[in-house]
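Here the structure comes first, spelled out in structure tokens, and everything after it is commentary.
The values are calculated or read from the model by the stated rules, or taken from the named source; none is laboratory data. The model shown is predicted, which means the values in this text are computed figures rather than measured ones. With ideal geometry, Cβ positions are generated from the backbone for all residues, glycine too; neighbour counts draw on all protein chains shown.
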Ligand SMILES: [Zn+2]
């Protein structure tokens, strides 16, 4: 499946059978970050995203599924 990074808008292909893909489809996680952004921002942002207080989360949460 294709996913779009919430930070840089990079489109990545991830394995549809991966745990990450399953979690995205099940909406247990609401955002995807590409590896480079993940490395750059990492857990700190994930925690902020989880709180729902992060601006990008609110603006972009409907755009994360591309396939
Ligand atoms: Zn990115």
(request) Test residue 28 against the criterion of being at pLDDT below 85, within 13 Å of the ligand (Cβ to nearest atom) and either outside any helix (DSSP H, G or I) or within 11 Å of the chain's Cα centre (by Cα) (or both), and give yes or no. (result) no
(request) Could you figure out which of (1) loosely packed, with under 15 Cβ neighbours inside 10 Å; (2) at pLDDT below 90 isn't true of residue 37? (result) (1)
